[in-house]
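Read the structure below first, then the notes.
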Amino acid sequence: MNVGTALRSGVRVFLDRPASVLPIYLLVAGITATTRVPVLVGLAAVVGLLAADGRLDALFSELQGLSPEALDESSPETAVDSLPPGLEDALLDVFSPEILLLIGGSVLASLVISVLANGVGNAAAINGVYGCLYGGDGVEDAVVGVGRDWKAFVGITLAQLGVLLVASVPIALGASLFLVSQIAGIAATLVGLLLSTGVVLIGLLLLAFAGQSVVVDGTSLGGAIRRSVGFPFHNPIAFVAYLLVALAVFGGLAVLGGVFNYLGVSQLSGIIGPLFALAFLDAFKTALYADRPLSARVDDTQASSTETVATDGGDRSPADDHRDDTPQSSADEQATVDEQATVDAEQSVDDEQSTDADEQSVDDEQSTDTDEQTAAPEPAVDEVDRPEAIDRPEDAVRPEGAVRPEDADRSGESDDRPAYRHRFVGAFRDGLVAIGGFTRSHPVPILGAAILFVAAAAGGWQLTAEFAVDLPASAEPGAVFGTFPVDVFVMLAANNWLVSATAIYGGVALGIPTAVDMLLNGFIVGAVSGIADPLVFVALVAPHGVLELPAIVLAGGLGFHLAGVVVGVFRGSRTSTDLAEALRLGYRVLLGLAVVLVVAAFIEAFLTPAIAEAVLT
């Protein structure tokens, strides 16, 4: 394939089908969120165990009685020696063997889950991108592809880990020479580091197209690895192009990450990297390996993002109306086949009856048939094949200013810029409508998320309030974020949106990451309220919290709804199409929550400090 065509395919799939691509990578983010669950659960178990047997109370008591002047800060060794005996005993009690075993077990469980999550996430991403590129329903292709290919992708992840383990051998051998000589150890370690770097780069690059081989070629794990290893030798130009594009993508991410860190908005890296940069790289790799350009098609799921009247946040979207036409079309095709079979049967009888007929008569009949076929009108199927001729039910409810999806897919027209603008605005408008629709149609999972949040907040307050630690207010609460805190505003909006995204799409893991998010965020709110003056807490939290906290609880409710759909798929009562629709619903609601959380972040950064200063002074 022409490398430029693959690059254009990677870009155009975002411009033409964002409502199909972005839910896929939000799904991947939700799957990845499962890796932190064992660590968080382990830490919660540690805190609960320490609080239950009084060791946590003893530690806090010793810390409260500690005087900073009593510590010798000249060196770490002398600082440890200057610790009071009571504090040293309390620390030893905290890090007891059972606590260390609990922490180690949670870390090990997190590593195992990370391998599974990486394989499942990659299976969803590559299958979904392949569907988006070549005319399928990307979200549903991702769901179906996970069930079909997850074992192969987990095997690829294990192969990549094997490369890393092999690469660690030269470093370990070099470090072992420190036992003989320090100079020899340093030299051997440097040589081992160079060898390990080469092994990692070569090994991972040779496995770079294994996932694409599984999806595009339909091969097994062994065949995918063989084809990926052979790809650089059979397609050297394409492989070099991939190297250059990958270096540009990761280099650009590194530069952006540095800029974002300097500006204090590092959370933006968590949005741009996984949802856009890596997704583009996957699309480019898949188009390059498949050796096919982007297929032109009408993306029904994208149309739903601009039609605010057709969807209200429930499980049904305008795409369902178009999908309802499919069985009717299939029935028409079946009727055509049946009619043709009848004609063939009648023709067979006629042939038997006319065995002794004159050949000229047969020729005349064939000529007559030919004339009738020539005079027949154009078949109606030809009209159905044209996107413009499809009688779309959603056209009747299309709001003013919305763009037909087939018009949006035409890249050569001069009105591309207005089309993208209308689609962008319409997507967020539809997201706000979807919030209201989901709230009305699914109150039970939202209530469940609220109960978890409040229960965790009560537990956090009870835990910290016992220690009677009073967190004083700032002397100048109006200047707590600075004079013009744009960085704080962006950071808060991005962070809260990422929390909502993982809460929603964590539902695919049976809602466990969603429940952990609700408990963690509720615990943090309650713990802060327990150590702060009530008036200070209300003044600093209430102005923006009236929007931010319900938004996070709503995200948790949608995560639990998604978990229910996943359970239904496992039980056979729901289909992969239902799960794909639920994932698209999550995407629409997230767009609406982005608007809500941006407003909440603006209030928190620019208005809450002024309100707090007016209340507290």
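The values are calculated or read from the model by the stated rules, or taken from the named source; none is laboratory data. If you're wondering where the values come from, they're calculated on a predicted model, not measured in any experiment. Methodologically, a virtual Cβ is constructed for each residue, glycine included, from the backbone with ideal geometry; neighbour enumeration extends over all protein chains shown. These area figures cover heavy atoms from the full protein model, side chains too; ligands, DNA and RNA do not enter into them. Shrake-Rupley method; radii C 1.70, N 1.55, O 1.52, S 1.80 Å.
See the values below:
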read-out: Some residue of segment 546-563 being more than 19 Å from S441 (Cα to Cα), surrounded by fewer than 18 Cβ atoms within 10 Å (Cβ to Cβ) and without any contact (Cβ under 8 Å) to a residue 24 or more places away in the chain; value: yes
read-out: Test for G135: is it in contact (Cβ under 8 Å) with a residue 12 or more places away in the chain, within 30 Å of Y587 (Cβ to Cβ), part of a loop (DSSP other than H, G, I, E, B) and open to solvent by 30 Å² or more (accessible area, probe 1.4 Å); value: yes
read-out: Odd one out for F178, checked against (1) modelled with pLDDT under 95; (2) part of a helix (DSSP H, G or I); (3) closer than 25 Å to F14 by Cβ; (4) not acidic (D, E); value: (3)
read-out: Single residue of segment 17-75 satisfying the filter (of a type in the set (K, R) and at pLDDT below 90) that is most open to solvent (accessible area, probe 1.4 Å); value: R55
read-out: Test for I113: is it buried (at least 20 other Cβ atoms within 10 Å of the Cβ) and part of a helix (DSSP H, G or I); value: no
read-out: Answer residue from segment 581-609, given it is over 18 Å from the mean Cα position of the chain (by Cα) and open to solvent by less than 10 Å² (accessible area, probe 1.4 Å) and is farthest from L558 (Cα to Cα) among those; value: P609
read-out: Within segment 540-580, considering residues that are farther than 27 Å from R148 by Cβ and among the β-branched types (V, I, T), the one farthest from the chain's Cα centre (by Cα); value: V541
read-out: Tally, over segment 465-505, of residues that are modelled with pLDDT under 65, acidic (D, E) and in a helix (DSSP H, G or I); value: 0
read-out: Yes/no for S196 being assigned to a helix (DSSP H, G or I), open to solvent by less than 60 Å² (accessible area, probe 1.4 Å) and in contact with a Pro (Cβ under 7 Å, 6 or more places away or on another chain); value: yes
read-out: Conditions (1) open to solvent by less than 20 Å² (accessible area, probe 1.4 Å); (2) without any contact (Cβ under 8 Å) to a residue 12 or more places away in the chain; number of the one not met by T575; value: (1)
read-out: Only listed residue being of a type in the set (V, I, T) and within 23 Å of R8 (Cα to Cα), chosen from V146, V139, V107; value: V139
read-out: Any hit, segment 500-511, residues being free of Cβ contacts under 8 Å to residues at least 40 places away in the same chain, among the aromatic types (F, W, Y) and buried (at least 17 other Cβ atoms within 10 Å of the Cβ); value: no
read-out: Close pairs (7 angstrom Cβ cut-off, 6 or more residues apart or separate chains): touching a residue at least 40 places away in the same chain (Cβ under 8 Å) in segment 424-446, open to solvent by 60 Å² or more (accessible area, probe 1.4 Å) and among the polar types (S, T, N, Q) anywhere; value: I446/T439
read-out: Segment 582-604: number of residues that are of a type in the set (V, I, T) and under 18 Å from P445 (Cα atoms); value: 1
read-out: Hey, L253 open to solvent by 60 Å² or more (accessible area, probe 1.4 Å) and farther than 21 Å from V120 by Cα or not; value: no
read-out: Candidate set from segment 520-537 (those that are over 28 Å from L432 (Cβ atoms) and open to solvent by 40 Å² or more (accessible area, probe 1.4 Å)); member that is modelled with the highest pLDDT; value: F523
read-out: V191 vs. criteria modelled with pLDDT of 90 or more, touching a helix residue (DSSP H, G or I) at 6+ places or on another chain (Cβ under 7 Å) and within 30 Å of N118 (Cβ to Cβ); value: no
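One line per residue, one yes/no per condition, for (1) open to solvent by 30 Å² or more (accessible area, probe 1.4 Å); (2) at pLDDT 95 or above; (3) outside any helix (DSSP H, G or I):
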{"residue": "A238", "(1), (2), (3)": "no, no, no"}
{"residue": "A248", "(1), (2), (3)": "yes, yes, no"}
{"residue": "G257", "(1), (2), (3)": "no, no, no"}
{"residue": "F260", "(1), (2), (3)": "no, no, no"}
{"residue": "S269", "(1), (2), (3)": "yes, no, no"}
{"residue": "G273", "(1), (2), (3)": "no, no, no"}
{"residue": "F276", "(1), (2), (3)": "yes, no, no"}
{"residue": "A279", "(1), (2), (3)": "no, no, no"}
{"residue": "L288", "(1), (2), (3)": "no, no, no"}
